[in-house]
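Right, one structure below, let's go through it.
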Amino acid sequence: LTFGSLVVAVPGPALAQSDTGGEAPADSVRQEDSYLSLQWWRPLVAGAAVGAVMLVDEPVQAFVQDHRSEFKDDLADIFQEFHQPEVVGVASIGAMSLGLVLRDAKLAETGVQILTAYGLASGMMIATKWAFGRDRPSVSPDDAFSFNWFEGGSDSSFPSGAAAVSFSLATTIADAVDEPVVTVLVYTGATLNAWSRVYSNKHWLSDVALGAIYGITAAKIVNG
């Protein structure tokens with residue numbers, strides 16, 4: 001979440017006056033005057049942070065693999081499902097359908113945002129996988145810097161597609177509902193999903209860090 005906060009946009013300051021000189025309704029001001037503000041240094045800081053995490057990828061992976069247990073195995077199996085396309089599909093279609101039935105435009109819009117953020121995060125992730133071509137820890141357990149530049153495919157490790165998808169879903173839901181309890185629940189689920197990918201030896205820690213950045217950023221771009 002800390003990494004993501006460096007990259008994502010925040011609504012811009014609302015204007016206090018309308019065009020006619022009177023005070024505009026707060027809702028319309030927020031809709032008309034909020035904007036995407038992405039400072040040039042934020043991606044650089046986020047990239048540097050992910051690079052720093054890469055330096056501890058190997059010891060973290062070794063520690064996690066040396067401390068496996070039956071309980072953790074079961075937990076990882078449960079939370080690995082959080083990023084599955086079926087989960088995203090059910091959440092998206094469910095929100096759109098319920099929004100139409102209840103005539104709730106915001107709820108229906110959230111369903112569209114879930115699907116759109118999923119697509120954007122996936123596109124960002126696939127392009128980076130191809131560019132870096134990083135080997136998974138299960139392939140090169142003693143070398144976190146094994147890259148096949150511009151020869152990567154869907155099986156490349158960097159970044160984690162699971163983290164990108166799960167954090168895009170969590171961010172979209174958290175922003176739409178805007179309730180602390182829901183925010184904690186969905187981000188906990190996304191974090192545990194990311195942990196499960198490291199635990200199952202599918203990804204390095206820096207893989208899921210960048211995946212989380214992509215997921216949060218994609219959702220924030222889609223919802224404005």
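The values are calculated or read from the model by the stated rules, or taken from the named source; none is laboratory data. Everything numeric here is computed off the predicted structure, so don't read it as measured data. In this analysis, Cβ positions are derived from the backbone assuming ideal geometry, glycine residues included, and neighbour counts consider all displayed protein chains. Note: accessible area is taken over every heavy atom of the protein model, side chains too, but ligands, DNA and RNA are not part of it. Shrake-Rupley method; radii C 1.70, N 1.55, O 1.52, S 1.80 Å.
Every residue in segment 199-217 that is outside any helix (DSSP H, G or I) and buried (at least 24 other Cβ atoms within 10 Å of the Cβ), please.
His203, Trp204
Test Phe145 against the criterion of being out of contact with any Cys (no Cβ under 7 Å at 6 or more places or on another chain), free of Cβ contacts under 8 Å to residues at least 24 places away in the same chain and either over 29 Å from Asn223 (Cα atoms) or part of a loop (DSSP other than H, G, I, E, B) (or both), and give yes or no.
no
In the list Ser97, Ser69, Ser92, which residue meets the criterion of being of a type in the set (Ser, Thr, Tyr) and in contact (Cβ under 8 Å) with a residue 24 or more places away in the chain?
The conditions single out Ser92.
Residue check, Ser196 against (1) surrounded by 23 or more Cβ atoms within 10 Å (Cβ to Cβ); (2) under 14 Å from the mean Cα position of the chain (by Cα), all met but one. Which one?
(2)
For segment 43-60, enumerate the residues that are buried (at least 16 other Cβ atoms within 10 Å of the Cβ) and not hydrophobic (A, V, I, L, M, F, W, C).
Result: Asp57, Glu58.
Quick check on segment 141-155. Is at least one of its residues within 20 Å of the chain's Cα centre (by Cα), open to solvent by 10 Å² or more (accessible area, probe 1.4 Å) and of a type in the set (S, T, N, Q)?
Within segment 141-155 (the criterion being within 20 Å of the chain's Cα centre (by Cα), open to solvent by 10 Å² or more (accessible area, probe 1.4 Å) and of a type in the set (S, T, N, Q)), the answer is yes, since at least one residue qualifies.
Considering each residue of segment 61-115, count those that are surrounded by fewer than 14 Cβ atoms within 10 Å (Cβ to Cβ) and among the aliphatic types (A, V, I, L, M), and give that number.
8
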